[in-house]
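Participant: Here it is, the structure, as structure tokens.
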Amino acid sequence: MTDIRNAKIAILATHGFEYSELTVPQRKLKEAGAQVTVVSPETGEIRGWQGKDWGGSVKVDRALPDVRPEEFDALVLPGGQINPDLLRIDDQALEFIKAFLDAGKVVAAICHAPWLLVELDAVRGRQVTSYKSIKTDVKNAGANWVDKEVVVDNGIITSRNPGDLDAFVGKILEEVQEGRHERAAAAG
């Protein structure tokens, strides 16, 4: 069991993340007392996407090559179309995510971010939700896709879109405080 005030949570993102899907969890988790670190393959700042165009930027706290999954209790994966598509072809990003999955740590993916879980074969046999446009991808990866604002399956949290952020962050807080989850290792 991890007190949220002692929790260390990584948010992994790169350019093209859905702005609210990074900034809302970042703010709410910090307000709850967690230490939140934005991790990216990039350094400096990464630019988000808002609506139909580029939005604001977020400061990268630590570069991906300089962090270890063991430093964190949970991982948040914001969506957007561009961000997870870039990260799912980044071997270092995939290894980082896989380490959280293998350790039974909380992994939370919203919108298009379940693509990263698909890439690691981490949704097979699990109940998952996502943005509706990747529903078929998620189902083809062996998941039981459901249309709900938030779904939790053994410490893996998924949500559909920015409209689900309150439920998404609420489940992150709840699952982090529950602690590690026993589950089969990711195949990817």
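Quick note: the coordinates plus some simple rules give every number you see, no bench work behind them. All figures in this text were calculated on a predicted structure; none of them were measured in a lab. Note: ideal-geometry Cβ built from the backbone for every residue, glycine included; neighbour counts use all protein chains shown.
Participant: Looking only at 160, 68, 88, which one moves most when the chain is put into a Gaussian network model with springs between Cα atoms under 10 Å?
Facilitator: Checking each option, the largest mean-square fluctuation is seen for 68.
Participant: Once each part is reduced to its C-alpha centroid, what is the distance from region 61-116 to region 1-46 in angstrom?
Facilitator: Rounded to whole Å, the Cα centres lie 11 Å apart.
Participant: Which peptide among 127-138, 73-84 comes first, and what is the full order, when sorted by highest mean count of other Cβ atoms within 10 Å?
Facilitator: The most tightly packed comes first, giving 73-84, 127-138.
Participant: For region 97-188, count all C-alpha to C-alpha pairs, find those more than 22 Å apart, and express that count as a whole percent of the total.
Facilitator: On the way: 711 of 4186 pairs.
Tail of the P(r) past 22 Å holds 17 percent of the pairs.
Participant: Based on DSSP H runs of at least 4 residues, each adding -39500 (n - 2.57), what is the mean residue ellipticity at 222 nm of the chain after dividing by all its residues, to the nearest 500 deg cm²/dmol?
Facilitator: Values: 6 runs with 57 residues, N = 188.
One gets -8500 deg cm²/dmol as the mean residue ellipticity at 222 nm.
Participant: Just to check I understand the Karplus step: with θ = phi - 60° and J = 6.51 cos²θ - 1.76 cosθ + 1.60, what whole-Hz values come out for region 118-123, glycine and proline as x?
Facilitator: 4, 4, 9, 6, 9, 9
Participant: Right, another one. What translational diffusion coefficient, to the nearest whole µm²/s, does the chain have by Stokes-Einstein, given a Kirkwood radius computed over alpha-carbon pairs, a temperature of 10 °C and 1.306 mPa s viscosity? Could the numbers behind the result be given before it?
Facilitator: Working: Rh = 15.8 Å.
Answer, rounded: 101 µm²/s.
Participant: Something else about it: Decide, for region 119-168, between rounded, prolate and oblate: order the square roots of the alpha carbon gyration tensor eigenvalues as a ≥ b ≥ c, take rounded if a/c falls under 1.5, and otherwise choose prolate if a/b is larger than b/c, else oblate. All intermediate terms of the calculation are to be shown ahead of the outcome.
Facilitator: Details: a/c = 2.15, a/b = 1.40, b/c = 1.54.
It comes out oblate by the Cα gyration axes.
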